[in-house]
Amino acid sequence: MGGAVLAGAVLVGLDGTGAGAPAVRWGAGEAAARRLPLHLLHSWTSQPWPTSSPAPSASSSPTSSGQDDERRRYGATVLERAGALAAELHPGLRVTAELSGEDAADALAERSAAAALLVLGSRGHDTLAGFLLGSVSLRVLARARCPVITVREEECSAGPGPEVIVGVKELGPESDAVLAYAFTTAAAHHARLRALRAWRPATAPGAPYNELTTALDEAEGAAVERDGLAACLAPWREKFPGVRVAEEVAAGQAATVLLRACTGTGLLVIGRRPHRAPMPLGPVVLGLLHHSRCPLAIVPRTTAPPA
């Protein structure tokens, strides 16, 4: 079982845990909505040891032929079940599966170059042990060449629903890829798009505090931010006239504003800076990964002009 990712496919990474079913539902739903093929990938060398099988003893070699065969069989079963679920949900969907002997993070990062979208699953909200918040997923998120959707194990939906929220950090070309993904997703699912920009009012260092002056300065600053957001969205509105767009500017730290806004929404879209150093993922991205209660789409910030 194996094969390269079809160009433009939706790629789903499976680790063999219960988090796989929500990721498959999301991946299959995205593929069907966008009329793209679905590619399922499982790394048998990186999978957790099957709970139905005895763990290897201290005296046995973890790379023995028998254990490798058992892991391959387990991986094949994971892929077979995932493929059956996708076919049940979306009959006629083109599904391919790959049982890889590569490291999971390496395989997914490499395949992401040809994929339109990558979907990963998570085991829960408050643990670092799951596939999403563990070392594999963090390495994939830092290196992925395409947008990555992270879906938690308890997620019951199979798509963004009636509203998609996009966090707009930059008001220039740096946000093009993020907005391109957000508008495309909203259009594919006939969803409303809420473009949200967080900003922090600035006061001149050492300036005397005056309540009236401060309020006027903040109102003026908010107006400037709204004008900038509207100008940034204008070409995307023109390209996607069928997408209903709401614009919102809120004062506060980005992570706090976005977490408050995404409660009850179907999908939150944010950008990440590629080749970020020394931390591959910034504090806002990490904060949202750990605390967001909805699926999160993380898009590498690269220029993607609307026309």
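No lab work stands behind these numbers, since they all come straight from the coordinates. None of the values given here were measured: they were computed from a predicted structure. Counting neighbours? That spans all protein chains shown, and the Cβs are built from the backbone with ideal geometry, glycine included.
In nm, to one decimal, how far is the GLU238 label point from the LEU89 one, both placed 7 Å along Cα→Cβ?
3.7
Ordered by residue, what ³J(HN,Hα) values in Hz, to whole numbers, does region 105-115 give under the Karplus form 6.51 cos²θ - 1.76 cosθ + 1.60, where θ = phi - 60° and Gly and Pro are x?
For region 105-115, the Karplus curve yields 5, 5, 5, 5, 5, 5, 5, 5, 5, 9, 8 Hz.
State, to one decimal in nm, how far the label point of ALA230 lies from the label point of THR45, with both points 7 Å from Cα in the Cβ direction.
For ALA230 paired with THR45, the spin-label model returns 5.6 nm.
Taking θ = phi - 60°, what integer Hz values does the Karplus form 6.51 cos²θ - 1.76 cosθ + 1.60 yield along region 219-225, in sequence order, with x for Gly and Pro?
Along region 219-225, the couplings run 5, 5, x, 5, 5, 4, 5 Hz.
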